[in-house]
Amino acid sequence: MHNRREALKSLVIGSATALFSPNVLLASTSKKKEKLGIALVGLGYYSTDLLAPALQMTEKCYLAGIVTGSPEKAEKWKQKYNIPDKNIYNYQNFDSIANNPDIDIVYVVLPPSMHKEYSIRAARAGKHVFCEKPMAPSVNDCMAMIKVCRDNKVNLAIGYRCQHDPNTQEYMRIGREKLYGKVKMISCGAGYFDARTTHWKQNKALGGGVMGDMGVYALQGARLATGEEPIAVTAQASTTRPEIYKEVEETMMFQLQFPSGALAACHSSYGINMNYLQVNYEKGWLKMEPFSAYLGNKGSHSGGIIDFPIKNQQAKQMDEDCVALMNSTQLIAPGEEGLRDIKVVEAIYQATKNGGTVTIN
Ligand code: NAD
């Protein structure tokens with residue numbers, strides 16, 4: 001335990017200085033490219049409905065390839081997006097992507113339990129990695145992903161699209177600049193009604209459970225509004241549909257204590273529609289609703305409104321991450337940011353088991 005804590009500490013501290021490693025690939029080939037080639041791994045809902053359409057709007061990257069276990073999907077995507085056969089992979093021949101100069105970035109959009117394996121295989125193939133949230137089911141997995149990316153001199157970005165949204169950045173600014181003094185209390189909720197019964201979200205081995213999926217949005221709301229990392233948590237897991245949620249929680253309520261004394265009550269659920277953030281400061285307040293939607297995040301605070309236009313959140317996210325790769329500047333949400341959340345997620349699960357407060361170092 002002690003060793004793991006020390007290793008974690010050095011990773012997190014290390015991230016402040018060596019966040020962005022120079023990249024062999026960028027130095028040789030990609031730097032000359034005006035647009036980086038992205039291969040999407042996993043062609044489910046998010047790839048199909050959000051990322052692929054966003055990649056038709058991006059200026060710094062394009063949909064260069066796909067990795068799928070389904071030949072029917074491969075054919076459909078090939079036709080729709082004009083993807084050459086040489087850029088279409090399955091899970092077995094995926095590693096040969098190493099020899100494909102069209103692909104600069106592999107974007108892992110699989111169930112969470114598969115993020116580690118495919119991020120690591122991509123890194124070993126010399127490709128930069130974009131990985132969806134939640135980064136992985138455990139802190140150990142996240143640490144392994146960060147290490148392999150570093151060892152292979154590739155960069156790792158987590159798909160925290162909201163951190164690229166100017167509306168999120170505005171509530172972060174208000175906290176950071178202490179516009180209304182210190183944050184005193186936060187309430188944050190992220191959830192929707194999921195009618196599915198046998199999806200990975202209900203399957204523990206695949207990384208299901210609402211905490212990693214919707215819970216990280218509520219956790220991010222609290223972390224970003226305070227600009228601090230929680231030092232202690234309490235949590236309660238529950239379900240109103242035990243016939244469906246046999247292995248994982250349908251609803252997670254969790255409470256966070258921050259070093260400054262700020263307190264947060266967070267909610268996430270597959271049974272309740274909600275998307276809001278409320279912050280009370282020493283001398284003011286802020287309300288966002290929605291706060292983590294794909295588009296239309298907006299709100300108000302004691303002194304004004306927050307309602308910045310944004311054309312496409314995912315396109316902005318991928319473009320900004322590609323600019324960071326091209327210029328070797330800092331990523332907005334690198335692997336270390338995903339790890340920070342999973343550290344808290346692990347503590348939250350521990351708190352549901354012992355019923356008391358779990359402290360986080
Ligand atoms: P999905 O179930 O719609 O798609 C998952 C894909 O993985 C499918 O194409 C499926 O065929 C494939 N797959 C490969 N092996 C599998 C296996 N053993 N079991 C199940 N599926 C397997 O899921 P999704 O909603 O697209 O989510 C994928 C990832 O994207 C998750 O990490 C999720 O949290 C994330 N996501 C992020 C956002 C966001 O706003 N950032 C939104 C939705 C999903």
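The values are calculated or read from the model by the stated rules, or taken from the named source; none is laboratory data. Everything numeric here is computed off the predicted structure, so don't read it as measured data. Cβ placement follows ideal geometry from the backbone for every residue including glycine, while neighbour counts extend to all protein chains displayed. In case anyone asks, the SASA skips ligands and DNA or RNA and just uses the protein heavy atoms, side chains included. Shrake-Rupley method; radii C 1.70, N 1.55, O 1.52, S 1.80 Å.
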For this session: Compute the acute angle (0 to 90°) between the alpha-carbon long axis of helix 139-151 and the principal axis of greatest extent of the alpha-carbon atoms of the chain; round to the nearest 10°.
Result: 40
Problem set entry | Of all accessible heavy-atom area on segment 315-361, the percent that carbon and sulfur account for (1.4 Å) | 48
For this session: DSSP loop (so not H, G, I, E, B), at most 11 other Cβ within 10 Å: list which chymotrypsin sites (Phe, Trp or Tyr not before Pro) in segment 263-361 pass both filters.
Result: none
Problem set entry | Karplus 3J(HN,Hα) series, Hz, for segment 174-189 with 6.51 cos²θ - 1.76 cosθ + 1.60 (x for Gly, Pro) | 4, x, 4, 8, 6, 3, 10, x, 5, 6, 9, 8, 10, 10, 8, x
Exercise. So if R0 is 56 Å, what FRET efficiency would Met185 and Lys86 give, r being the distance between their Cβ atoms, rounded to the nearest 0.05?
Worked result: 0.50
Exercise. Cα gyration tensor of segment 152-223, axes a ≥ b ≥ c as square roots of the eigenvalues: rounded (a/c below 1.5), prolate (a/b > b/c) or oblate?
Worked result: oblate
Exercise. Magnitude of the Cβ-charge dipole of segment 148-208, K/R +1 and D/E -1, about the Cα centre, nearest 20 debye?
Worked result: 200
For this session: Just grab the label-to-label distance for Asp49 and Ala232, each label 7 Å out from Cα along the Cβ direction, in nm (one decimal).
Result: 4.0
Problem set entry | Sites matching GluC sites (Glu not before Pro) across segment 29-88 that sit in DSSP coil, with at most 15 neighbouring C-beta atoms within 10 Å | Glu34, Glu59
For this session: Work out how much length Ser300 to Ser96 would gain on full extension: take 0.36 nm times their residue separation and subtract the Cα-Cα distance, in nm to one decimal.
Result: 68.4 nm
Exercise. Measuring from a point 7 Å past the Cα of Lys32 along Cα-to-C-beta, which residues in segment 123-149 have an amide N at less than 13 Å?
Worked result: none
For this session: State whether segment 254-340 is rounded, prolate or oblate according to the following rule on the C-alpha gyration tensor (a ≥ b ≥ c being the square roots of its eigenvalues): a/c under 1.5 gives rounded; otherwise a/b larger than b/c gives prolate, and the remaining case gives oblate.
Result: prolate
Problem set entry | Computed magnitude of the charge dipole of segment 172-236 (debye, nearest 20; Cβ of K, R +1, Cβ of D, E -1) | 140
Problem set entry | Loop trypsin sites (Lys or Arg not before Pro), segment 269-361, which have at most 13 other Cβ atoms in a 10 Å radius of their Cβ (DSSP) | Lys283, Lys311
For this session: Apply 1/(1 + (r/R0)^6) to the Cβ-Cβ distance of Ser260 and Asn361, taking R0 = 22 Å, and write down the FRET efficiency to the nearest 0.05.
Result: 0.80
Exercise. From the backbone phi of segment 208-220, what are the Karplus-calculated ³J(HN,Hα) couplings (6.51 cos²θ - 1.76 cosθ + 1.60, θ = phi - 60°) in whole Hz, Gly and Pro given as x?
Worked result: x, x, 5, 4, x, 8, 8, x, 5, 5, 5, 4, 4
For this session: Step through the residues of segment 351-357 one at a time and calculate ³J(HN,Hα) from phi using the Karplus curve (6.51 cos²θ - 1.76 cosθ + 1.60, θ = phi - 60°), rounding each to whole Hz and writing x for Gly and Pro.
Result: 5, 5, 7, 8, x, x, 8
Exercise. With the contact rule set at Cα under 8 Å and sequence spacing of 6 or more, what percent relative contact order holds for segment 147-259?
Worked result: 24
For this session: Show the residues, 5+ positions off or on another chain, whose built amide H is closer than 5 Å to the amide H of Met185.
Result: Leu263, Asn280
For this session: For the chain, calculate the relative contact order in percent as a whole number, restricting contacts to Cα pairs under 8 Å that are 6 or more residues apart.
Result: 19
For this session: Go ahead and run the numbers for FRET between Arg124 and Lys204, Cβ-Cβ distance against an R0 of 30 Å, rounding to 0.05.
Result: 0.65
